[in-house]
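Here the structure comes first, spelled out in structure tokens, and everything after it is commentary.
The values are calculated or read from the model by the stated rules, or taken from the named source; none is laboratory data. A quick note: this is a predicted structure, and the numbers were derived from the prediction, not measured. Don't worry about glycine lacking a Cβ; one is built from the backbone with ideal geometry, like all the others, and counts go over all protein chains shown. Areas reflect the complete protein model, heavy atoms only, side chains present, ligands, DNA and RNA absent. Shrake-Rupley method; radii C 1.70, N 1.55, O 1.52, S 1.80 Å.
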Amino acid sequence: MDKTLNHPNVAEALFDALPYIAFFVKDISGRYSHVNRGFLSRCGFDHKSDVVGKLPREIFPKKLADSYQEQDQQVLETGIALCDHLELHIYPNRKLGWCLTHKMPLRDADQNIIGLCGTSRDLGLPDQQNPVYQR
């Protein structure tokens, strides 16, 4: 198989077309190496270069960043994916909103963990007029 198909840029281009999904790849130290436009929009950035190379604590408020970094460490140390984790995220207006996050380890040819990738899907705000909301 062509090795270029395994490159994160292939997925990044696909996820750029999905504005309600934040996509990211982080290296073994937890620094962002790839993000999509949905991630940029959610976080209030204009350019990928504003995020690439940064840690969550350099982007998000402390409480959120600490939570994200703890998740990253768990995935990187155990090799076990985090699936459909309900959590708060910050939006460009600096308000919090709910999302479902999925993180999985990335491995090299020898199966060593070399980073992680993930998605976070916006759930939006609940409609308080909907009768299901109170439940």
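Consider E77 against the criteria (1) in contact with a strand residue (DSSP E or B) (Cβ under 8 Å, 6 or more places away or on another chain); (2) surrounded by fewer than 14 Cβ atoms within 10 Å (Cβ to Cβ): it satisfies all of them except one. Which criterion is unmet?
Of (1) in contact with a strand residue (DSSP E or B) (Cβ under 8 Å, 6 or more places away or on another chain); (2) surrounded by fewer than 14 Cβ atoms within 10 Å (Cβ to Cβ), only one is false for E77: (1).
Every residue in the stretch 21-69 that is among the β-branched types (V, I, T), touching a Gly at 6+ places or on another chain (Cβ under 6 Å) and either open to solvent by less than 50 Å² (accessible area, probe 1.4 Å) or not in a loop (DSSP other than H, G, I, E, B) (or both), please. Steps first, please.
Taking the stretch 21-69 first, the residues among the β-branched types (V, I, T) are 21, 25, 28, 35, 51-52, 59.
Cutting the leftovers down to touching a Gly at 6+ places or on another chain (Cβ under 6 Å) gives us 21, 28.
The answer is I21, and nothing else.
Scanning for something charged (D, E, K, R), part of a strand (DSSP E or B) and at pLDDT below 90, does the stretch 89-100 turn up at least one residue?
Within the stretch 89-100, the subset charged (D, E, K, R) is 94-95.
Narrowing further to those that are part of a strand (DSSP E or B): none.
Within the stretch 89-100, none of the residues are charged (D, E, K, R), part of a strand (DSSP E or B) and at pLDDT below 90.
As an exercise: evaluate S120 against (1) over 17 Å from I28 (Cα atoms); (2) of a type outside the set (D, E); (3) open to solvent by 30 Å² or more (accessible area, probe 1.4 Å) and give the number of the one condition it does not meet.
(3)
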